[in-house]
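A short write-up of the structure that comes next.
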Amino acid sequence: ETGVTQSPTHLIKTRGQQVTLRCSSQSGHNTVSWYQQALGQGPQFIFQYYREEENGRGNFPPRFSGLQFPNYSSELNVNALELDDSALYLCASSTLQGRSGELFFGEGSRLTVL
Amino acid sequence: GDSVTQMEGPVTLSEEACLTINCTYTATGYPSLFWYVQYPGEGLQLLLKATKADDKGSNKGFEATYRKETTSFHLEKGSVQVSDSAVYFCALSEYEAAGNKLTFGGGTRVLVKP
């Protein structure tokens, strides 16, 4: 069974640029969510995708957007990068919506904005 | 809105010592509660969970009891090992929110010395 994989693992961008992060969900999982983890803090929910549609969003501006593909993989896009966007971006997949709460996380993509 | 507060670290212990990490929460409904662990160089992993009041979650010698009256979910282990060194996150999920959206605490770094 293949776990959640994310790419790239590290990247450096400059302010104002755009970035795309990618995630392959665990086999059999149809729900993908994205989290931002700033240094020394807990992850914060960005949004979730289920059946290729956004299904819930946290307190993030519209320049954070995403996609989910028919094979359940996903992308996170961030436009007009700001210094505060520097963080570890975590992708998580799961089989069900609802109360289980058991998300399977990738190791993350660490973004540095200069 | 929902929030999770956990004790700040780092917590430094000797092997075989007792560990307690305090976690309290604020939620409008009846959340499910979780502890996730992040070992060095790895992604977040579910450690244990409890879905209703008075439930006890347990795994790998760790335990936590869902206390609705005190809105708490403290993590305990009676005898820690060096391999327990990690960052521990308390989290909650409300079904009425977006699917498996998790609200995390800030994390507690635990270092166990031989």
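The values are calculated or read from the model by the stated rules, or taken from the named source; none is laboratory data. Not measured: the values here are computed from a predicted model. Cβ atoms come from the backbone with ideal geometry, glycine included; neighbour counts cover every protein chain shown.
Wholly within the range A:21-114, which strands (runs of 3 or more DSSP E) include no fewer than the required count, namely at least 2 residues that are within 12 Å of chain B (Cβ to nearest Cβ) and crowded, with 19+ Cβ neighbours inside 10 Å?
In the range A:21-114, the matching strands (runs of 3 or more DSSP E) lie at A:31-37, A:44-50, A:87-94.
Being under 10 Å from the mean Cα position of the chain (by Cα), charged (D, E, K, R), surrounded by 14 or more Cβ atoms within 10 Å (Cβ to Cβ) and closer than 30 Å to A:E54 by Cβ: is that true of B:K101 here?
Judged against the criteria, B:K101 is not a match.
What tally of residues in the range A:1-25 results from selecting those that are more than 16 Å from A:L67 (Cβ to Cβ) and touching a residue at least 40 places away in the same chain (Cβ under 8 Å)?
13
Can you run down the residue pairs with Cβ atoms below 7 Å, 6 or more apart or on separate chains, where the first is in the range B:22-33 and in contact (Cβ under 8 Å) with a residue 40 or more places away in the chain and the partner is outside any loop (DSSP other than H, G, I, E, B) and of a type in the set (D, E, K, R)?
From residues that are in contact (Cβ under 8 Å) with a residue 40 or more places away in the chain, the pairs are B:S32/B:K49; B:L33/B:K49.
Going residue by residue through the range B:70-79, is there one that turns out to be crowded, with 20+ Cβ neighbours inside 10 Å, at the interface with chain A (Cβ under 9 Å from one of its Cβ atoms), touching a residue at least 24 places away in the same chain (Cβ under 8 Å) and outside any loop (DSSP other than H, G, I, E, B)?
no
Could you grab me the full set of residues in the range B:80-97 that are in a loop (DSSP other than H, G, I, E, B) and surrounded by 15 or more Cβ atoms within 10 Å (Cβ to Cβ)?
B:V80, B:S85, B:E94, B:Y95, B:A97
Keeping to the range B:31-87, report how many residues are modelled with pLDDT of 95 or more, under 30 Å from A:S109 (Cα atoms) and acidic (D, E).
1
Which residue is nearest to the other protein chains (Cβ to nearest Cβ), if the candidates are limited to the range B:29-51 and must be more than 13 Å from the chain's Cα centre (by Cα) and under 18 Å from A:Q44 (Cβ atoms)?
B:G43
Is it the case that some residue within the range B:99-112 is part of a strand (DSSP E or B), without any contact (Cβ under 8 Å) to a residue 12 or more places away in the chain and either in contact with a helix residue (DSSP H, G or I) (Cβ under 7 Å, 6 or more places away or on another chain) or basic (K, R) (or both)?
no
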